[in-house]
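Structure, as structure tokens:
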Amino acid sequence: MSQVRVHNLSISLDGFGTGEDLSFEAPFGHAGQRLHGWMFATGFGRAMFGGSGGGEGLDNAFARRHQDDDIGAEIMGRGKFWPLSGPWPDLGTEQEWRGWWGPNPPFHTPVFVLTHHPRPSIEMEGGTVFHFIDASPADALALAREAAGGRDVRIGGGPTTVGEFLAADLIDVMHVVQVPVLLGRGVRLWDGLEGLEDRYDIEAVASPSGVVHLTFTRR
């Protein structure tokens with residue numbers, strides 16, 4: 001059976017995967033870019049946003065796994081696609097919000113966005129199609145697996161969504177990057193997941209950049 005995977009999920013030393021006060025100007029809230037600076041410094045991170053250069057060392061080796069050809073579908077929380085809660089505003093087709101990633105997002109697969117306010121799908125360049133569904137983790141995974149056609153499914157975040165899939169015992173492999181910053185507030189990943197280490201083998205690799213790459217593999 002295909003695997004369910006998490007890649008490049010950055011958290012602070014105190015366990016926060018995003019900050020408070022998310023907005024269009026600050027998609028990670030008061031955390032700013034502090035959680036993801038390690039990735040933006042890599043060759044993979046630069047290329048993702050149309051740049052060049054960047055490091056080719058350990059961090060890049062982990063980061064580039066995000067683009068694994070075995071990924072056939074993605075699931076993400078609404079907060080990763082759009083920072084506000086409640087019903088979607090009617091801005092018209094020309095002004096419709098289509099995510100942070102421009103006309104050709106880096107997913108190139110069907111992407112299932114979890115929301116309590118379903119809406120019509122949005123088709124983008126490069127094979128990405130955003131589907132907006134109100135579903136439990138298990139039901140969302142069933143839809144994603146069907147769309148993936150036997151390939152793996154990636155849980156793209158944010159921390160609330162990853163935590164829900166962990167609580168439902170649906171994740172096979174997870175890559176978490178612990179970043180040496182303290183946020184103090186925001187959305188934590190680990191709340192309610194006591195004893196998680198009993199279900200996974202955990203490997204830790206320290207990088208010269210100061211982050212620690214944690215790989216969780218289901219036993």
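Of the options F16, A41, L196, report the single residue whose Cα projects farthest towards the positive end of the charge dipole of the chain (beta-carbon charges: Lys, Arg +1; Asp, Glu -1). Most positive-ward Cα: A41. Can you classify the chain as rounded, prolate or oblate using the Cα gyration tensor, where a ≥ b ≥ c are the square roots of its eigenvalues, rounded means a/c under 1.5, and otherwise it's prolate if a/b beats b/c and oblate if not? Verdict is rounded for the chain. For the range 173-219, the fraction of C-alpha pairs farther apart than 13 angstrom is 64 percent. With only the Cα atoms considered, the range 107-153 has a convex hull volume of 66 Å³ per residue.
Please check the chain for the longest run free of chymotrypsin sites (Phe, Trp or Tyr not before Pro) that are loop-located per DSSP (anything but H, G, I, E, B) and have at most 13 other Cβ atoms within 10 Å. The segment 101-219 is the longest one with no such site. When the Cα convex hull of the range 47-165 is projected onto planes of every orientation, the mean area is 8.2 nm². With R₀ set to 35 Å, the beta-carbon distance separating R98 from D169 gives a calculated FRET efficiency near 0.60.
Label positions at H117 and L182, each projected 7 Å from the Cα along the C-beta direction, are separated by 3.7 nm. Each other residue within a Cβ distance under 15 Å of D14 adds +1 if Lys or Arg and -1 if Asp or Glu, for a net charge of +1. The mean sequence distance of close C-alpha pairs (under 8 Å, at least 6 residues apart), as a share of the length of the chain, puts its relative contact order at 30 percent.
Along the chain, the exposed loop sites are GluC sites (Glu not before Pro) outside DSSP states H, G, I, E and B with at most 11 other Cβ atoms within 10 Å, and the longest stretch free of them is 26-193.
Under 15 Å from a label point set 7 Å out along the Cα-to-Cβ vector of L58, the amide N atoms of the range 172-190 belong to 176-180. Ordering G51, A73, G32 by Cα displacement along the dipole of the range 14-87 toward the positive end leaves G51 in first place; charges were set at the Cβ atoms of Lys, Arg (+1) and Asp, Glu (-1). Given their separation in residues at 0.36 nm each and the Cα-Cα distance between them, S136 and L193 gain 18.7 nm when the chain is fully extended.
Fully extending the segment from A26 to M1 would add 5.2 nm, taking 0.36 nm per residue of separation and subtracting the current Cα-Cα distance. Ratio of Rg to Rh for the range 12-77: 1.01 [Cα atoms; Kirkwood radius as inverse mean 1/r over pairs]. Net charge dipole, the range 20-140: roughly 240 debye, given to the nearest 20, about the Cα centre with Cβ charges of +1 for Lys and Arg and -1 for Asp and Glu.
No lab work stands behind these numbers, since they all come straight from the coordinates. All values reported here derive from a predicted model rather than from experimental measurement. Heads up, the Cβs are rebuilt from the backbone with ideal geometry, glycines too, and the neighbour counts pull from every protein chain shown.
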